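Have a look at the structure below before the remarks.
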Amino acid sequence: MALAQGKLEELKKKVLFTFLLLIVFRMAAQVPVPGVDANALKSYFSEGGQGIFDLINTFSGGAFKRFSVLALGIMPYITTSIIFSLLGEVVPQIQELQEDSEGHKKIQKWTRYATVILCCVQGYGMAAMFEGIRSPGGVPVIPDPGMLFRVTTMITLAAGTMFLMWLGERMTEFGLENGVSLIIFAGIAVALPSELIQKMDLYRSGELSGIKLLLIVLVIFVAFYVVAFIERAFRSVPVQYAKKVIHNRVYGGTQTLPVRVDTGGVMPPILASSLLAAPATFANFITDESLKPYVNSITDSLLPGKLLFNLFFAALIIYMAYFYAPIQFKTKKVAEMLQKNNAFIPGVRPGNKTKEFLDFILNRLTFFGSLFLVVICIVPTMVTGQTTQFGGTAMLILVSVSIRVMMNVQSFLYADRLESAYKSKGKYSGAKRRF
């Protein structure tokens, strides 16, 4: 019982540590970049700056529209991590480093360096962009623009992203779940109360009808249920292991290899969203008046909810799902692992044939998984008419991260129960322990 109590205290410490770091994240997200007129910035986004940067602002937890020190969020680190993962599939030298423990540390170091470089580039571009923004009343958001402001902002934003990366690593090491996922989750979840209050105010003022409000709530609940169901769905591949007798016990036999339906997870929609937000960001750097009308028409057609945006979004999600799924589920490694452990899939020869069979299953599951991502990321926005910022991508992140946190807690408790059961039977410790 003392062991169980100790495990319970350890779980409480993990939960408390995670919440404390999330509070630190939310406090840092309120600190603005030096040299910004907060009132002019708030006026711009409340009246004239909506739509273009909503997606970026959602992933940064509202830090982008406050031009906070965390305005870049954790996305630069995610981008560089994915780039090195993709390079590992193409460059054999990087793949060898990823498979070695010391080489993996080198890859992590290179990823951090690349994140700093990317943050500096994005931070400088963001500073230049905000220098050209004015509130509807004509007040500049940046009262004293210039090279000093741009360099200061570049360093500040890069430091903010690296601080977020450090927080995420601490959460992963001492908390409940992957820290990067929790940071994105917290940034989206923190906007939920204000969103509900805003909808109720619109309903009381008559700007939002009761039927429309009921439809929004219904769509959100249905989307949450569908995401929760699909995120826990997997295809069980039967695997036959050679039977072994250890300490009068028989091990081996038929087991299953689970392959998730949504193998890519939340990354395909996030990557697709980032790519679609790029044209609107680069459009702010174009100063040629003759090109402005054409650029504005393109960016307006790529706003969330528009037909062209939905078509490109769906195509990019499908492409990213097929591109990212093999990175998450490496069929070659799984086939080699099965062969080394004297295991095989019934009816399939070990080695290359096993890899081809797993590739076939992964491609079919990715097809249905990509269709699920397209439906869940586009249909709720189409039904609600872009009247809520909790679109399919945000709900997908909220539900999937919540499920993984709960599964980690359950695994922790089950491991404690199993450890206590073995100790109570005298098989876990003591002079006559069997293992």
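Here, each number is a calculation from the coordinates, and none is a lab measurement. Please read all numbers here as calculations on a predicted model, not as lab measurements. A quick note on method: Cβ atoms are made from the backbone with ideal geometry, for glycine too, and the neighbour counts reach across all protein chains shown.
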Point to revise | Convex hull of Cα atoms in the stretch 155-229, direction-averaged projection (nm²) | key: 7.4 nm²
Point to revise | When each of Lys199/Lys306; Lys12/Lys105; Lys109/Lys332; Lys105/Lys355; Lys106/Lys333; Lys14/Lys109 is checked by Cα-Cα distance, pairs over 24 Å | key: Lys12/Lys105; Lys109/Lys332; Lys105/Lys355; Lys14/Lys109
Exercise for review: Just subtract the alpha-carbon distance of Gln255 and Gln198 from 0.36 nm times their residue separation and send over the number in nm, one decimal.
Suggested key: 15.4 nm
**Study point:** FRET efficiency estimate (nearest 0.05) - Cβ-Cβ, Gln410 to Ile117, R0 35 angstrom
**Key:** 0.30
Review point. Relative contact order for the stretch 75-179: what is it in percent, counting Cα pairs under 8 Å that are at least 6 residues apart?
Key: 22 percent
Point to revise | Rounded Å value of the spacing that divides the Cα centres of the stretch 214-240 and the stretch 110-184 | key: 34 Å
Study note, to complete from the structure: Relative contact order as a percentage, the stretch 18-152, C-alpha pairs under 8 Å and 6+ apart, gives 29 percent
Point to revise | 4 °C / 1.567 mPa s Stokes-Einstein diffusion coefficient of the stretch 141-276, Kirkwood radius on C-alpha pairs, µm²/s | key: 62 µm²/s
Point to revise | Estimated distance in nm for a label pair at Trp110 and Val151, the labels positioned 7 Å out from Cα along Cα-to-Cβ | key: 3.1 nm
